[in-house]
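Derivation of every value follows stated rules applied to the coordinates shown; laboratory data play no part. Everything quoted here is computed from the prediction, not taken from an experiment. Backbone-built Cβ (ideal geometry, glycine too); neighbour counts: all protein chains shown.
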Amino acid sequence: MYGIRSLVAHSAPAWERVTERKWSFLGIFALIFAGNVYVLGILDLLPAVAAPETELSESAPAAVNLAPLTVEEPEKIEIPAIKLSVTIANPTTTSVKILDTLLLKGAVRYPTSAYLGETGNVVLFGHSSYLPVVSNPAFKAFNGIQKLVAGDAVTIYSADKAYTYRVRTVAKESATSDSGVSLAVEGRVLTLVTCNSFAAKDDRFVVTADFVESHPIPTL
């Protein structure tokens, strides 16, 4: 019994010395670690910490860059299949008198119809006449459009772009018909209409074409 007490008595001071050294060691280690971190920070050698990924929710969709819509006035129409090449006027009024006057110079885009480059129906009117005594070429602007067939190419030019369409249908509308040209269409459509006058009701040919593509006009 005495031996155990003596052993405990002698081991107590030794344990106290070990404990004191342990805390001293931990303190010295902490100082060394902090010093190393400080030096690495100054030298910009610490590893970068990646930010956590953020999941996109339906309430916060990713931003999408959309190219602005280019809207242009038609200036010229060409149809190689019938050797047609005519300038186009773009009035800002639906006055019959003004529209009829412009028809004496070439084709006319109806003011409330679509422009090139936007969804809708681009409606172009033009005279047609086969009388040999007619000297003004504008009276023959749309001569021959009734000979077009599905698939024929029609090119409309703006100031700096060419817009290609493909003929879908060719129809003759009777003067007794009340059907008109609809501006409410799906997609991008071109409609060519022959007429004698905006004020007169007469038989006319109507050509409908669908948009294919557009490209810049090469500059020389």
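What the table shows:
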| read-out | value |
| --- | --- |
| Net charge over other residues, Cβ less than 10 angstrom from the Cβ of GLU72 (K, R count +1; D, E count -1) | -3 |
| Where labels lie 7 Å past Cα in the beta-carbon direction, separation of GLU118 and ALA171 in nm | 2.5 nm |
| Gain on full stretching of the segment that runs from SER135 to LEU220 - 0.36 nm per residue minus C-alpha separation | 27.2 nm |
| Amide H partners (placed H, <5 Å) of ARG188, local residues excluded | GLY120, PHE211 |
| Inter-part distance where region 134-151 and region 91-129 are each reduced to a Cα centre, Å | 16 Å |
| Residues whose placed amide H lies under 5 Å from that of SER158, excluding near-sequence neighbours | GLU75, TYR163 |
